[in-house]
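Everything below concerns the one structure shown next.
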Amino acid sequence: MPFAIGILILVSLALAAVTMGLLWRWFVRKAQHDLRTLEHILERKRIPRSWLGKYADCAERNRDAAYQRANKRLDHYMQLAKRTPAFGNGETRALVVGAIQHLQQRMIQEPFEDLLGPDPRLRRHVVFFDCGDTLVDEGTEVRNDRGIVVEAALIPGARRTVRWLAREGFTLALVADGERESFKRVLRRHRMWQYFEATAISGDLGVTKPAPGMFRYALDQLEIPPENYQSVVMVGNNLARDIKGANRLGLVSVWLDWAPRRSKLAADDEEQPDFTIHKPEEVVKVVEQLESGAGSKRGSAN
């Protein structure tokens, strides 16, 4: 009996230690995010678009709700700036508080669209995804009489990968050829649409990859300047579109060699990917290598 009690105590202590470790990791990540957001507000004097949730794309039509939502977040960061030790310097604290107060005043006087900006980035690298045969299995697509995809299965591991990247602080964008309605229907059905902070859809823009405009549209939404293009990772299945377009702009190109529906031979040097992977989960290994500085051009995630 004493032996059994001892085992239970040891198991309980081990579980408590694991729980405390997870809580500590969550606390550290939240603190880092809060501090980065405060710096973001100070530097850009913009409201992160995600603060408005479902009102982000219709803030002017729902001005009261958008104002309340944004103002609540600003009040939170105002209090955080006043009590956080990282802003112990009185001059720095005054700058942050002043920036927040200025934003609150502008919300009353200016259109919301002029105030919205990208979310603060916790990671050095941003990840762009294609959709068909990168996240969604094109072989399972069901279309309506207008050619809109109304149903499709995901590639195994796609949702898990996207969710992990988002939760680990990577900024994500969707850069895809097709109609916005198709992507929204399918990705919302699989609870993935909300993870993409920016979208560049050929049906909206009137051009397709590898046109630079497709990529630059997402880059501009995220306010990424040309000198930082090398910190953007483009994941796609099409050598002639995704890889060539990414390489031409100096992005990190990652080819997902999963589906049988596209050429697997590069036509020229512009179609040679920096990394080749064979399933979506391997994107994680690539971005972890790049974040650590261990990644190299023309490599493999394996």
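Name the pairs whose Cβ atoms lie under 8 Å apart, with the first residue in region 164-177 and among the polar types (S, T, N, Q), the second in a loop (DSSP other than H, G, I, E, B), and 6 or more positions between them or separate chains?
Cβ pairs passing all conditions: T171/P118; T171/D119; T171/R121; T171/R123; T171/E197; T171/L222.
Could you please find all residues in region 204-263 being within 21 Å of V287 (Cα to Cα) and among the β-branched types (V, I, T)?
Hits for region 204-263 are I224, V232, V233, V235, I243, V252, V254.
Within region 170-207, which residues are surrounded by fewer than 16 Cβ atoms within 10 Å (Cβ to Cβ) and either more than 18 Å from D137 (Cα to Cα) or not assigned by TED's automatic domain parsing to the domain that holds T140 (or both)?
Passing the criteria: Q194, G203, D204, L205, G206, V207.
Quick one: in region 41-77, of everything that is aliphatic (A, V, I, L, M) and either more than 27 Å from I224 (Cα to Cα) or not in a helix (DSSP H, G or I) (or both), which residue is farthest from the chain's Cα centre (by Cα)?
A65
For Q105, only one of the following conditions fails: (1) crowded, with 18+ Cβ neighbours inside 10 Å; (2) farther than 17 Å from T37 by Cβ; (3) not assigned by TED's automatic domain parsing to the domain that holds D242. What is its number?
Checking Q105 against (1) crowded, with 18+ Cβ neighbours inside 10 Å; (2) farther than 17 Å from T37 by Cβ; (3) not assigned by TED's automatic domain parsing to the domain that holds D242, the one that fails is (1).
Among the candidates A218, A267, A294, which residue alone is assigned by TED's automatic domain parsing to the domain that holds V136, modelled with pLDDT of 95 or more, hydrophobic (A, V, I, L, M, F, W, C) and not in a strand (DSSP E or B)?
Result: A218 is the single residue among A218, A267, A294 that is assigned by TED's automatic domain parsing to the domain that holds V136, modelled with pLDDT of 95 or more, hydrophobic (A, V, I, L, M, F, W, C) and not in a strand (DSSP E or B).
Only residues that are part of a loop (DSSP other than H, G, I, E, B) and crowded, with 17+ Cβ neighbours inside 10 Å: list them for region 236-260, please.
Those that are part of a loop (DSSP other than H, G, I, E, B) and crowded, with 17+ Cβ neighbours inside 10 Å: N237, N238, L251, W258.
If S263 satisfies all but one of (1) free of Cβ contacts under 8 Å to residues at least 60 places away in the same chain; (2) over 21 Å from T171 (Cα atoms); (3) crowded, with 17+ Cβ neighbours inside 10 Å, what's the number of the condition it fails?
(3)
Just checking, which of A173, A246, A200 is under 18 Å from R49 (Cβ atoms), at pLDDT 95 or above, aliphatic (A, V, I, L, M) and touching a Ser or Thr at 6+ places or on another chain (Cβ under 7 Å)?
Of A173, A246, A200, the one residue that is under 18 Å from R49 (Cβ atoms), at pLDDT 95 or above, aliphatic (A, V, I, L, M) and touching a Ser or Thr at 6+ places or on another chain (Cβ under 7 Å) is A173.
Regarding L205, is this residue at pLDDT 95 or above and either aliphatic (A, V, I, L, M) or closer than 27 Å to L115 by Cα (or both)?
Judged against the criteria, L205 is a match.
The values are calculated or read from the model by the stated rules, or taken from the named source; none is laboratory data. Note that the coordinates shown come from a computational prediction; the quantities given were computed from them, not determined experimentally. As a convention, Cβ positions derive from the backbone with ideal geometry for all residues, glycine included, and neighbour counts pool all protein chains shown.
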